[in-house]
Amino acid sequence: MEVIIEQIVVYGLVFIFCGIVLLIYLRKHKKKTRETEKKVAIAKEEGLFEPVSLHPYIDLNVCIGSAACVSACPEKDIIGIADGKATLINSSNCVGHGACFHSCPVEAISLRMGTEKRGVDLPHVNQNFETNVRGIYIAGELGGMGLIRNSVEQGQQAIDSIVKSKKPNNQGVLDVIIIGAGPAGISATLACKKHKLKSVTLEQDSLGGTVYTFPRSKIVMTSPMNLPLFGKVKLYDTSKDELLQLWTRVIHDHEIEIKEQHKVENIVPQSDDTFKVVAANGEEFIGNNVLIAIGRRGSPRKLNIPGEESTKVAYRLLEPERISGKEVVVVGGGDSAIEAALMLMELNNVRQVVRTDTLTRCKPKNREKISKAADEGKVTMMFSSNLISISETHCLIKTEGEDEALEVRNDLVYIFAGGIMPTAFLEKPGIKITKRFGYIMKKHD
Ligand SMILES: Cc1cc2nc3c(=O)[nH]c(=O)nc-3n(C[C@H](O)[C@H](O)[C@H](O)COP(=O)(O)OP(=O)(O)OC[C@H]3O[C@@H](n4cnc5c(N)ncnc54)[C@H](O)[C@@H]3O)c2cc1C
């Protein structure tokens with residue numbers, strides 16, 4: 001009898017213990033789900049839920065909710081766990097590291113472009129990086145696969161293909177015209193020098209591409225890669241400055257010129273199989289081949305107003321902490337404009353010029369912050385207004401309903417009027433583009 005009671009007690013204790021463990025597990029599970037659902041709701045509200053580029057696709061029939069993908073992702077809150085399965089959160093912030101893809105123990109993740117609802121334009125490129133237009137090549141993120149290392153590799157592989165294509169070496173004609181000086185364009189430029197090809201590299205902005213626009217404090221994650229004329233670059237977690245310095249040094253050491261501030265507006269196929277490449281400043285270049293390495297971020301939209309070419313005008317804010325005591329005009333009502341105004345307002349006199357009568361195209365949090373700043377007199381908001389001209393010392397701003405434009409003292413202008421995507425630019429010379437809905441870029445075989 002005693003033994004039976006003892007057994008009942010032991011079994012009872014084990015049962016209670018298991019029950020408590022299960023309860024703790026279920027509560028944790030529920031809490032995690034609630035947290036993820038909350039983040040998803042915010043991401044939807046802020047327009048960050050729907051992926052815009054390369055992103056993970058989770059096969060829910062295969063996912064076991066190990067959360068390996070969550071811990072592997074170096075960016076914050078791209079994936080979370082809800083109801084025991086992985087789910088996307090701020091997927092439009094995904095930069096395509098693919099760490100989730102490799103970490104999943106049951107291979108439930110593939111990397112895709114576009115979703116069922118939102119298509120993404122992808123140019124047609126073959127395994128040699130050549131488009132359907134013979135002699136025009138595409139490398140780097142524009143072709144679909146991002147990341148610094150991939151772009152560096154593709155840049156040189158595209159040049160290797162051009163070397164093999166053996167187009168005739170006409171006098172006065174360049175072998176390759178490279179458009180864009182991000183990781184892909186830089187690597188292609190070095191590969192041209194290595195192969196003794198006659199080339200020119202045209203960059204609308206500054207050397208470094210998207211990397212140049214990273215915040216100074218960002219940790220750039222990459223893996224060892226081969227850079228032509230340099231060899232193996234053994235970097236893992238590095239800084240923007242270290243990468244830019246490396247690229248600049250190699251380019252300088254080999255006496256290569258990259259033509260910065262040269263935006264390419266047009267690629268015109270010629271009857272003799274060459275291409276005329278036309279820059280915005282009117283310069284023209286003739287080449288046997290063109291390598292387009294312009295990434296997927298497009299070109300900033302300009303206002304086309306008098307004075308916009310001034311050096312005091314910029315389309316991005318790189319180091320706000322270095323700007324103080326200035327009269328600043330920020331144009332735009334989106335998140336980039338608001339965030340710029342918020343960063344500059346403490347040390348400068350900031351005026352934000354917004355075309356619409358309210359802020360509608362921004363995250364609710366940003367709207368709240370800028371409204372509060374305006375109420376506190378830290379920033380001057382000008383709604384229903386347009387910047388109409390820029391002079392060395394002043395700006396003219398016209399507000400709807402006012403007879404006369406307002407002239408304000410001004411040192412710096414930041415314009416955030418959105419970007420022009422490269423689709424039309426690519427289609428002009430005949431490159432085929434297809435809208436892809438959930439196109440699989442990488443999957444487990
Ligand atoms: C916030 C963020 C964080 C990231 N973090 C990482 C990271 O940690 N590690 C990593 O590996 N990757 C990261 N990436 C991705 C990486 O930056 C890109 O995949 C990579 O820069 C793509 O290289 P690219 O040469 O193809 O294009 P880009 O770097 O985009 O360069 C394209 C260049 O072409 C120029 N251009 C465009 N149009 C024209 C034109 N008409 N005429 C002339 N020039 C033109 C642009 O000005 C630009 O300089 C990140 C991206 C973002 C946005």
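One table, with the values for the structure above:
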{"quantity": "Cα-derived Rg over Rh, computed across the chain with Rh taken as Kirkwood radius", "calculated": "1.07"}
{"quantity": "Ascending count of other beta-carbon atoms within 10 Å, so fewest first, for Val3, Val21, Val354", "calculated": "Val3, Val21, Val354"}
{"quantity": "Lys194-Lys302 pseudo-label distance in nm [points 7 Å out on the Cα-to-Cβ vector]", "calculated": "3.6 nm"}
{"quantity": "Flagged links, alpha-carbon separation over 32 Å, of Lys276/Lys398; Lys194/Lys240; Lys365/Lys428", "calculated": "Lys276/Lys398; Lys365/Lys428"}
{"quantity": "Stretch gain in nm, segment His252-Asp411, where the contour uses 0.36 nm per residue and the Cα spacing is subtracted", "calculated": "53.9 nm"}
{"quantity": "Mean Cα-pair separation over length for the range 313-419, i.e. relative contact order, pairs under 8 Å, 6 or more apart, %", "calculated": "33 percent"}
{"quantity": "Cβ-derived FRET efficiency at R0 41 Å, Ile4 paired with Lys28, nearest 0.05", "calculated": "0.70"}
{"quantity": "Cross-link pairs beyond the 20 Å C-alpha cut-off, checked among Lys38/Lys117; Lys167/Lys435; Lys28/Lys85", "calculated": "Lys38/Lys117; Lys167/Lys435"}
{"quantity": "Separation between Cα centres of the range 61-103 and the range 158-199, rounded to whole Å", "calculated": "38 Å"}
{"quantity": "Förster radius 30 Å - calculated FRET efficiency between Ser310 and Glu376, Cβ distance, rounded to 0.05", "calculated": "0.45"}
{"quantity": "³J(HN,Hα), Karplus 6.51/-1.76/1.60, whole Hz, each residue of the range 361-369, x for Gly, Pro", "calculated": "9, 9, 5, x, 4, 5, 4, 4, 5"}
{"quantity": "Whole-number percent relative contact order across the range 2-118, with pairs defined as alpha carbons under 8 Å at least 6 apart", "calculated": "29 percent"}
{"quantity": "Neighbour-count order for Val200, Val330, Val62, fewest beta carbons within 10 angstrom listed first", "calculated": "Val62, Val200, Val330"}
{"quantity": "Where GluC sites (Glu not before Pro) fall in DSSP loop in the range 241-319, at most 10 other Cβ within 10 Å", "calculated": "Glu255, Glu257, Glu309"}
{"quantity": "Contact order relative to length of the chain, as percent, for alpha carbon pairs under 8 angstrom and 6 or more apart", "calculated": "15 percent"}
{"quantity": "Under 14 Å from Lys218, Cα to Cα: aspartates and glutamates that are on another chain or at least 8 residues apart", "calculated": "Glu75, Asp237, Asp241, Glu242, Glu319"}
{"quantity": "Helix-only mean residue ellipticity at 222 nm for the chain, each DSSP H run of n ≥ 4 adding -39500 (n - 2.57), per residue, nearest 500", "calculated": "-9000 deg cm²/dmol"}
{"quantity": "Calculated FRET efficiency for the pair Thr213/Ser391, C-beta based, R₀ 41 Å, to 0.05", "calculated": "0.90"}
{"quantity": "Residues Met345, Met221, sorted so that the one with the fewest Cβ neighbours within 10 Å comes first", "calculated": "Met221, Met345"}
{"quantity": "Candidate aspartates and glutamates - alpha carbon under 19 Å from Lys432, same-chain residues fewer than 8 apart omitted", "calculated": "Asp121, Glu130, Glu141, Glu265, Asp273"}
{"quantity": "Lone cysteines, the chain (no partner Cβ under 4.7 Å)", "calculated": "Cys18, Cys63, Cys73, Cys94, Cys104, Cys192, Cys362, Cys395"}
{"quantity": "Volume per residue that the Cα convex hull of the range 313-419 spans, once the total is divided by residue count, Å³", "calculated": "100 Å³"}
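Only the coordinates and a few stated rules stand behind these numbers; no lab work does. All of these numbers come straight from a predicted model, not from anything done at the bench. In this analysis, Cβ positions are derived from the backbone assuming ideal geometry, glycine residues included, and neighbour counts consider all displayed protein chains.
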